[in-house]
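Take a look at the structure below.
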Amino acid sequence: MDHRFWMFSFQLISTWFSLFLIASVHLAEAQQAIFLVRHAEQSLEGEDPPLTEVGQRRAMALATLLKEAGINAIYESGIRRTRETAEPLARALNIQIQTYPRQDIIGFISRLPTQHAQDRVLIVSQSLRISRWLKAWGHPADITIAPTDYDNLFVIIPKGDASSLLLRLRF
């Protein structure tokens, strides 16, 4: 497809996304928003593989998409591919990346409202953990992400004690 089409599509999605965030801020009683994304494309070599060139480009695209979203905390799982996915945005925003406890997702989520009250948080995880994250925020259905699917971006808007508002985007 034509490069101009992709740029227009990306700008349209970015504009819509920004408007969504502005309109939804009043719903949040704790964090304004939590952005949950799977790491970008990885090499198949080694125990802790790096991102591929395509994965590095996707991480840059994620940074471009989210750099105006007001993110002020970034977490990753402690593996190389999640860190490398988060790094371009962390550099752009001058934010230090933190590691969440992979064995205590529920505890981590329960601490977010007090540790990050009024924040917008990015969490970079692995595909097999995404469904667990979403269920912890009250999403009733399992979400399956195919091994070759790297373009999901979930936006969770906490609504206090009620179930959270969930938006699933592609980038």
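Is the range 109-130 home to any residue that is more than 30 Å from LEU44 (Cβ to Cβ), touching a Ser or Thr at 6+ places or on another chain (Cβ under 9 Å) and not aromatic (Phe, Trp, Tyr)? No, the range 109-130 has no match at all.
Being in contact with a helix residue (DSSP H, G or I) (Cβ under 6 Å, 6 or more places away or on another chain), at pLDDT below 95, part of a helix (DSSP H, G or I) and more than 20 Å from HIS39 (Cβ to Cβ) holds for only one residue in ILE106, ILE157, and it is ILE106.
For (1) at positive phi; (2) part of a helix (DSSP H, G or I), each residue gets a yes or a no:
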{"site": "GLY55", "(1), (2)": "no, yes"}
{"site": "ARG58", "(1), (2)": "no, yes"}
{"site": "ALA63", "(1), (2)": "no, yes"}
{"site": "GLU68", "(1), (2)": "no, no"}
{"site": "GLY78", "(1), (2)": "yes, no"}
{"site": "GLU84", "(1), (2)": "no, yes"}
{"site": "ALA92", "(1), (2)": "no, yes"}
{"site": "ILE95", "(1), (2)": "no, no"}
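Here is a check on your reading of the model: is ALA92 surrounded by fewer than 18 Cβ atoms within 10 Å (Cβ to Cβ) and small (Gly, Ala, Ser)? Yes, satisfied. Restricting THR82, THR52, THR99, THR64 to those that are more than 15 Å from ARG120 (Cα to Cα), among the β-branched types (Val, Ile, Thr), touching a Gly at 6+ places or on another chain (Cβ under 7 Å) and modelled with pLDDT of 85 or more reduces the list to THR99. Tallying residues that are within 24 Å of PRO49 (Cβ to Cβ), touching a residue at least 60 places away in the same chain (Cβ under 8 Å), surrounded by 17 or more Cβ atoms within 10 Å (Cβ to Cβ) and not hydrophobic (A, V, I, L, M, F, W, C) within the range 96-126 yields 1.
What tally of residues in the range 105-157 results from selecting those that are closer than 20 Å to ILE71 by Cα and touching an Asp or Glu at 6+ places or on another chain (Cβ under 7 Å)? Residues meeting the conditions: 1.
The values are calculated or read from the model by the stated rules, or taken from the named source; none is laboratory data. Note that the structure is predicted; figures quoted are calculated from it, not measured. Because the Cβ atoms are built from the backbone with ideal geometry, glycine has one as well, and the counts that use them run over all protein chains shown.
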